[in-house]
Amino acid sequence: MERRGPHHRFAQDQTRSLSIRLQKFLAEAGVASRRGGEAIILAGRVAVNGATVRELGAKVDPAVDRVTLDGAEVRAKKKLYIALNKPRRYLCTRAEEEGRAAIGELLPREWQNLYSVGRLDYESEGLIFLTNDGEFSLRLTHPRYGVRKHYVAVVEGRVEPEMLQRLTRGVVDLGEELKAERAWIVSATNSTSVVELEMAEGKNREVRRLFESQGRTVTRLVRTQIGKIKLAELPTGKWRALSEAEIKSLLAPK
């Protein structure tokens, strides 16, 4: 009788009901986002039961198969979902860079495998999520899922309603269309205005660039809400775990 090794078993078990796509397993293990996992697989860095896998359609059973990345075993990790009130002048990275502080320094040391869901620029502050769940990250950052984000912007000079109408119609900056879903004035004087905005995408410095297109400078920018989750009373520089109900609300179909 022919003796079959682990490579044969892996190939034979591709139809198991408990199997998941390899890139999803990598994302759930906190290795990378699902798209990042696809690139890792195509580069030939992943092996299943000792056999290098380069096919994006490959599946694994996390309870049975042994997955390695660059020779090191990858194991499913407990998924963590953290809400952080990012301070101004902190990078959305795990460790400081060129003497600049990073949000990773605000978390317990054993959570250094977490990465930010999207970004807030160095000068911006407010609500940001961190996780080791690549699928969660994708669902909250990809435009097709339409997760809305709310911001409060302090702007130099008086902002008029006509200006906000242009921002909600959309403007083009550096060949890229920028657009606020909604925007309204909280207060306005000749020197300073406070505006709240609802955004559907997370393009680089989008809120700041919207106002720059109108000749205005944002002096302070705070993200106050993602989906249904609000910053509320979370102190600057502090974090809390998202509840199961909050996580479900973020992942619920729109």
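Derivation of every value follows stated rules applied to the coordinates shown; laboratory data play no part. Keep in mind it's a predicted model, so treat the numbers as computed, not measured. Don't worry about glycine lacking a Cβ; one is built from the backbone with ideal geometry, like all the others, and counts go over all protein chains shown.
Before moving on, here are some points about what is shown:
- Set of lysines with alpha-carbon distance to residue 179 below 20 Å, sequence-local pairs under 8 removed: 149, 203, 254
- Relative contact order (%) - criterion: Cα under 8 Å, at least six apart; region: the chain: 19
- Over 20 Å [Cα-Cα, the range 75-213], rounded percent: 53
- With one equal scatterer per alpha carbon and no solvent term, the Debye-computed log10 I(q)/I(0) for the range 148-226 at 0.14, 0.23, 0.24 1/Å reads -0.37, -1.07, -1.17.
- Packing rank of 243-253, 131-141, 155-165, where each peptide gets the mean count of other beta carbons within 10 Å, highest leading: 131-141, 155-165, 243-253
- Here 81, 122, 90 are placed in order of increasing Cβ neighbour count within 10 Å, fewest first, which gives 122, 81, 90.
- Inverse of mean 1/r across different Cα pairs in the range 40-108, Kirkwood, Å: 15.0
- Our estimate of slack between residue 176 and residue 145, defined as 0.36 nm per intervening residue step minus the Cα-Cα distance, is 9.2 nm.
- Simple point charges give the picture: +1 on the Cβ of Lys and Arg, -1 on the Cβ of Asp and Glu, and for the range 105-225 a dipole about the Cα centre of about 200 debye.
- Antiparallel bridges, percent of DSSP beta bridges restricted to the chain (to nearest 5): 95
- Remark: relative contact order (the range 128-254) = 31 percent; criterion is Cα-Cα distance under 8 angstrom and separation of 6 or more residues.
- Every Cα-Cα pair of the range 10-74 was included, and the share exceeding 20 Å stands at 12 percent.
- Label of the coordinate-derived value, Cα extents along the principal axes in Å, listed as (i) 57, 39, 39; (ii) 47, 45, 34; (iii) 87, 37, 37: (iii)
- Computed E for residue 73/residue 217 - FRET, C-beta separation, R0 41 angstrom, nearest 0.05: 0.25
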